[in-house]
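One structure is given below, encoded as structure tokens.
Nothing in this text is a laboratory measurement; each read-out follows from the coordinates by a stated rule. Here the structure is a predicted model, which means the values were calculated and not measured. So basically every Cβ, Gly included, is an ideal-geometry build from the backbone, and we count neighbours across all protein chains shown.
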Amino acid sequence: ADELGQRQAADAIYDSLITWRAFGYLAGILAAFFVIANPKEFPFFLPQKARQEKVIWNTILCGLMGAITVMSSKGVSTALNQGFAGNPDMFARGDICWLTYCLIICAVGSIVMQLKYLNEALMHFGSSVVVPVYYVVFTSITISAGMVLFLEIEFSPLAVGVSVFVFGIFLAFFGVFLINEPEPKTEG
């Protein structure tokens, strides 16, 4: 019975990540990332100069990569737990082991990209500005990733739950805005 439960846990992660919903979410993250990062400097994407003027752009890039890191890490963590419990299916079973190795590569790659853009933000803005904005952006994007990929949060009734969630995110961003608002200069 325990082996059946372990196999079901491995299959549950696989079933959550190999869906059109997950592919759509990943495509959306990657599209937003390339529009904001603009590595080829397309004129219709966000210019590089904008990322140097507003802290939000680099923190959004970090948050997008952070969502990939967290979701990949959840899959790898499940695989490791299964392996240590005596069920190496997620590393050895032919039909699902490829996913574990892809998740490891995605986690490492997204961590590197996160650090790149976090360091870029810290070069242009102070840590007292970057850290609170990054915290709010990362948390918001990661929570939404969990909601979409693993159906972790259910709203009942839907309209009220979504409204409260969006209002909470707005309050967090507003608080960070107030903290980072420049103090008025006094003459004297």
Enclosed volume per residue, in Å³, of the convex hull spanned by Cα atoms of region 24-139: 113 Å³
Fluctuation leader among 69, 142, 19 - the chain, Gaussian network, Cα springs under 10 angstrom: 19
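Can you give the helix-only mean residue ellipticity at 222 nm for the chain, where every DSSP H stretch with n ≥ 4 adds -39500 (n - 2.57) and the sum goes over all residues, rounded to the nearest 500 deg cm²/dmol?
Working: 8 runs with 148 residues, N = 188.
For the chain, the value works out to -27000 deg cm²/dmol.
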Gaussian network model of the chain, springs between alpha carbon atoms under 10 Å - residue of 134, 117, 14 with greatest fluctuation: 14
Nearest-ten-degree value, helix 97-124 long axis tilted from longest Cα axis of the chain: 10 degrees
With Cα atoms, 0 to 90° folded angle of helix 158-180 axis to the chain main axis: 40 degrees
Among 148, 137, 164: highest mean-square fluctuation, GNM of the chain, C-alpha pairs under 10 Å: 164
About the Cα centre, charge dipole magnitude for the chain (Lys/Arg +1, Asp/Glu -1 at Cβ), debye: 460 debye
Helix 20-37 axis, angle to the chain major axis (alpha carbon atoms, nearest 10°): 30 degrees
